[in-house]
1. Condition first: under 25 Å from A:Ser683 (Cα atoms) and within 16 Å of ligand 1 (Cβ to nearest atom). Now tell me which residues in segment B:101-137 satisfy that.
2. Which residue, of A:Phe731, A:Phe742, A:Phe763, is at pLDDT 85 or above, of a type outside the set (D, E, K, R) and crowded, with 20+ Cβ neighbours inside 10 Å?
3. Which helices (runs of 4 or more DSSP H) does segment A:208-257 wholly contain that include 1 or more residues that are within 17 Å of A:Glu183 (Cα to Cα)?
4. Identify the residue in segment B:102-133 that is within 16 Å of ligand 2 (Cβ to nearest atom), over 23 Å from B:Ile14 (Cβ atoms) and touching a strand residue (DSSP E or B) at 6+ places or on another chain (Cβ under 8 Å) and, among all such residues, is nearest to the other protein chains (Cβ to nearest Cβ).
5. Among the residues of segment B:43-60 satisfying the criterion of being within 11 Å of ligand 2 (Cβ to nearest atom) and either of a type in the set (Val, Ile, Thr) or over 14 Å from B:Tyr180 (Cβ atoms) (or both), which is surrounded by the most Cβ atoms within 10 Å (Cβ to Cβ)?
6. Examine segment B:260-271 for a residue that is more than 11 Å from every other protein chain (Cβ to nearest Cβ), outside any strand (DSSP E or B) and aliphatic (A, V, I, L, M), and state whether such a residue exists.
Amino acid sequence: MRVPIHEWEVDLLVSQTIAALTMATSFGEAVAHGFLRLLGQVSPEQLHGYARRLDEVRREGAGLGQLLAAYLPAVLLRHDDALLEAFEATLATLLSKGVYTVKGPLGLFVQLLDRGEADAGVALLDLLEACFALPLSYNRSIYMTQFIPQAVAGFDPLRRSFQIGQLKRVIQVDHHLAEPFVEGLAAGTTLLSAAALTAFVSRALNRAATSAEGAGRYLSLAAHRARAFCRELQTTVPLTEVRGQLGRYLQARLGYSVAIHDMADLGGADDHMDRPRTLVACDGRYLFLPKELGLYEQPHRNREVYTLLVKLEAACFEFGSFDFDRQRMHQLSGSPLDRGAARDGAVGSDLERFLNGFPQPDLAAGLFTVFEHCRLRLAVAARYPGLARETASFMEQAVAEELALDSKSEILKLLYITVALGMVDERIHRIAGDNWPLLLQWMQTAVDRLVPGSRVEASAALVRSAYPSVEARRGRPAAPRRPFWTPFGRRLRPDLIYRATAIPDRMARRVRQLLASRGLRVFQSDLRKCFLRRQGTPENADLRALILAAHTELNLAASASKIRLELAELDLDALLDRTSAAALPSRSMSGTHHRYPEWDAHLGDYLMGHTLVRERRLPEVSDPLYRRTVDRHTGLVARIRHAFELLKPQGLKLLRPWREGDSFDYRAMLAFAVDRKAGCMPSDRLYVKRIKHQRDVAVLLLVDLSRSTANQVQGASMSVLHVTQTAIILFCEALKIVGDRFAIAGFSSSGRLDVDYLRIKDFDDPLDHQTKRRIAAMTPMRATRMGAAIRHATRRLAEIPAGVRLLLILGDGFPNDTGYKGMRAIADTRRAIQEAHARRIYTRGITVNIGSDARLDELYGRAHHTVIQDVRDLPDRLFEIYGRLTRT
Amino acid sequence: MASADADAPVSHRITDEPYYLSIGNEVSLFEAAARSALPVMLKGPTGCGKTRFVEYMAWRLGRPLITVACHEDLFASDLIGRYLLKNDETLWLDGPLTQAVRMGAICYLDEVVEARKDTTVVIHPLTDNRRTLFIDKRREVIPATAGFQLVISYNPGYQSLLKDLKQSTRQRFVALNFDYPAAHQEAEIVARESGVEPNTAQALVRLGGQIRNIREHGLTEGASTRLLIYAGQMMTQGISPADACRVAICLPLSDDERLQETLSELVDDLF
Ligand SMILES: Nc1ncnc2c1ncn2[C@@H]1O[C@H](COP(=O)(O)OP(=O)(O)OP(=O)(O)O)[C@@H](O)[C@H]1O
Ligand SMILES: [Mg+2]
């Protein structure tokens, strides 16, 4: 509503502001702001109402006045009398407890209104009203004024209003159940639909009659039954539940890992308007999926959709949708090399520049999606018939639903359905009208040109040929249009692709130009991909392969030896800013110091005394982490204990046949008789001897305490290190059973002269109070100079007399420190492991929280390491690995 | 006292050329080792063609082949031989190793680390320049007949640390490295061995490659060529591709259910 502003209204503003100012400056400001929000937006009566309310409240003091002056306008702006009434009623209830209860709760209420969540706002008023009408103690009220806003602000916006409603129900029965309810949401009930959550809460509240504690355990999902029921009710599938699985699929299908992120991480780059329909996006590096999926009533259907989306996007990686290359385009169509570059001052990727060369770039981008998805469909059909069938049925359904909803014949949508999805039938004919011949023509052309084996540039070439006729049909809209419809909102997003690959692209351009100046050709897109996959540190061998391939593709003569020669002269490190920074001066240090050499791969030699390791004990912290962890995982602990019981030596080992012993060996007796008979010398080994058998194993757990271990585990509110600690604690519990000797140490560094080796448990330390407190004290620190830490660990382990000495390295990625990057760090670590091996110490790397990477093989040696993509599997897998390594 | 080894030479001779697709220069390397009577160690993951290679080389060199699958209850005496009682008479029976030493055969000890430690005592004098076998029961020293060659196989990475080969044993062998063949070669092998169409063989090999991509995700080893062939053979028997892959590839590889799900996804894509 927009109403003219009268002079008296301005006068009212002035008089009210002055009245407030005389009490407190901030009150005055709030009143002025309030009036400014309302002026011209509300009726004169409402404005008078506001002024009257301020008159009243001034009597009760500036504090409340200021709050009301700020909050009331948000309510008035909604022009909803019922809302105003509810607001006043709640306010009265709150004031009955004291002014201190107003600010937090109603502050959130106003925020919700301003964010357009009026339903949630109303629900919140209801909740506050119910809660503060209860006879709460002063302390409890204070607590609630903080607890409720904090909890409600944390609810999922899409479900906020009914979750608030359920919180109210819970509080009405017993306000002490509020905390368990909120805990339960965090633990999983947040995924329940309104009806399901109501059912769940009802069950919990039934228990409250007999036991408040029981109801609390139910609500917080601490009770086993509650978890089971919640699972039963849940139809929505959260991304966290499938992410590990999907990541593994991508790894298998592509041979490298592609991280999966929450769609919300795309942030402002995504157009909000389209968000509900877009279920997947990809930037050539990461894949984005919705945080949860609840399209269907059956969870398994939702899981299928997740899987299908990942499978479809995997094709973009597999068949090179992100690899558009200007030079290849030029090669293919002989088009001028720099079309579009002039227009835009050459910003953006090659692909964007290509698309921006058209009068309507959004139309060109749309056509690109159409043809590229067609190319992918054909490639998938040739290579993955099963996937093609599955996709087709999903697409058929999506198209049927869309056509039922909206049968407008936007040309891009029609092209998508016919060309990209390959669907031509009566339905489409009917809505296509006179576009039909055009659709058939381009479908045929696409199938002819985009044969399996063709590259993304072939799709781009079709964009160029199809553009004029399509533009002629569509005309030139004044304003940019909404993106056209596709199933699940799938489309290629040149903008995202550029954002994710701009840096490697720039590096690739530099290297390409430099190579060109030496007469070597290479495709920029190939380089870019190589930089991406190698995390910015490609090797000479990679480059050589790319150059050779490019020369073959371009029919240019090139000898491998010439390329090698040219490359040898290039200073790749300098080119890629990989040169190491100068070593940092050492800080003042306590603890014992040890110097170790470091392998310089470039030099091909050790740098003597290059690193300085400081060894000290990790200080204890008083944190009951150990106890808590064991308690929380009673089930797992029991299972592990059982598994390790089996590893435990049976106590006695039989030696047979033996020269002396406690009893005869019957097999040997038989042989004795036969030998006698045969007239040959019988053996005198006729006995069985029992000796106490010992597993002669010593294991040292070397834990990476670098900064990155503070990263949150995707989809869980825990850090990588926290999960690692859990695994270590459970591991201790298990080793207690087997009786193997073990030690734990952490490491972290900051430059070559500052490597910390932190002893957490020595071989001789009992697993006592202090040790447990040191385990709890592990915390993310600095960088990862792995080689030096391994060398020191080797030294400690070598001192231990044991038949088998095992060094388990637990980390979350590659070594990395000042002047210790990429291949150099890997080569040094590998050396350190070999040195350990030479001292009969076996190493095993366990890497968590990243996908497999071929370079891990280089780091630890093939078959000498394990990747655990979902770090939450670590506890389980650690035992499996350890058990396997030391089975007798 | 009679000897029971009379029938051996014939049955151990390989008369038909085994199908073996050479992957690199392993054939000429083995031939050179054979000419110098050097013992050979074949390293590589399971089911990648080690046994087939030995069979092929035995045929090519025209030598008999005796294969022993080693296991944890294999004593030295199982390799050498023992006395048996027969109607109040004792009878000496040569073990496979003794047979091979006598007849100048290739003796292939498959998965040698699995055998008991005392077998190494027997192997050592055979694999250095003594080239003799000592039978303590008979107090007999048999010099190896020309043509005798000891070949062992060894699968690195799969072993328990407590069972690794001792250096003094390792260092008596020439080692040949085996790995899964390159995709086009593997497809040729799968097609040939199982009789499936080239297209299907390619799909199977692609599946194998994809599974090997997640080797460290809880699989002890990737899918072997052998398993791919099994799947192909099931298909030629009329089993549907999905079922064939499930029983011949997925289920044998792992017991982890979540991993099985990923494997089924991969199979479903391809067929
Ligand atoms: N290069 C090859 N040429 C022909 N067939 C091959 C080749 N590589 C593997 N195969 C096929 O793979 C199957 C498995 O190979 P083989 O039995 O030799 O494996 P292995 O390495 O001995 O395995 P294990 O270590 O388990 O004994 C063979 O039966 C054969 O059909
Ligand atoms: Mg074999």
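1. If the condition is that a residue be under 25 Å from A:Ser683 (Cα atoms) and within 16 Å of ligand 1 (Cβ to nearest atom), then B:Ala115 is the only one that fits.
2. Values: A:Phe731 fails: at pLDDT 85 or above; A:Phe763 fails: crowded, with 20+ Cβ neighbours inside 10 Å.
Going through A:Phe731, A:Phe742, A:Phe763 in turn, the sole match is A:Phe742.
3. A:212-219, A:224-233
4. Restricting attention to segment B:102-133, the residues satisfying the condition of being within 16 Å of ligand 2 (Cβ to nearest atom) are B:106-115.
With the extra rule that they be over 23 Å from B:Ile14 (Cβ atoms), the set shrinks to B:113-115.
Now drop any that are not touching a strand residue (DSSP E or B) at 6+ places or on another chain (Cβ under 8 Å), which leaves B:113, B:115.
Working: B:Val113: 13, B:Ala115: 15 Å.
So, considering only residues that are within 16 Å of ligand 2 (Cβ to nearest atom), over 23 Å from B:Ile14 (Cβ atoms) and touching a strand residue (DSSP E or B) at 6+ places or on another chain (Cβ under 8 Å), the one nearest to the other protein chains (Cβ to nearest Cβ) is B:Val113.
5. Going through the qualifying residues, I end up with B:Val54.
6. There is no residue in segment B:260-271 that is more than 11 Å from every other protein chain (Cβ to nearest Cβ), outside any strand (DSSP E or B) and aliphatic (A, V, I, L, M).
Yes/no per residue for (1) at negative phi; (2) surrounded by 14 or more Cβ atoms within 10 Å (Cβ to Cβ); (3) away from chain B (no Cβ under 14 Å):
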| position | (1), (2), (3) |
| --- | --- |
| A:Ala392 | yes, yes, no |
| A:Met395 | yes, yes, yes |
| A:Glu401 | yes, no, yes |
| A:Ala404 | yes, no, yes |
| A:Lys408 | yes, no, yes |
| A:Lys413 | yes, yes, yes |
| A:Ile417 | yes, yes, yes |
| A:Ala420 | yes, yes, yes |
| A:Asp425 | yes, no, yes |
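Residue-by-condition table, conditions (1) outside the structural domain of A:Pro157 (by TED's automatic domain parsing); (2) surrounded by fewer than 21 Cβ atoms within 10 Å (Cβ to Cβ); (3) of a type in the set (D, E, K, R):
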| site | (1), (2), (3) |
| --- | --- |
| A:Glu29 | no, yes, yes |
| A:Tyr50 | no, no, no |
| A:Ala70 | no, no, no |
| A:His79 | no, yes, no |
| A:Pro105 | no, no, no |
| A:Val110 | no, yes, no |
| A:Leu125 | no, no, no |
| A:Pro135 | no, yes, no |
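The values are calculated or read from the model by the stated rules, or taken from the named source; none is laboratory data. Small disclaimer: the values here were computed from a predicted structure and weren't measured. Here the Cβ is made from the backbone with ideal geometry for all residues, glycine too, and neighbour counts use every protein chain on show.
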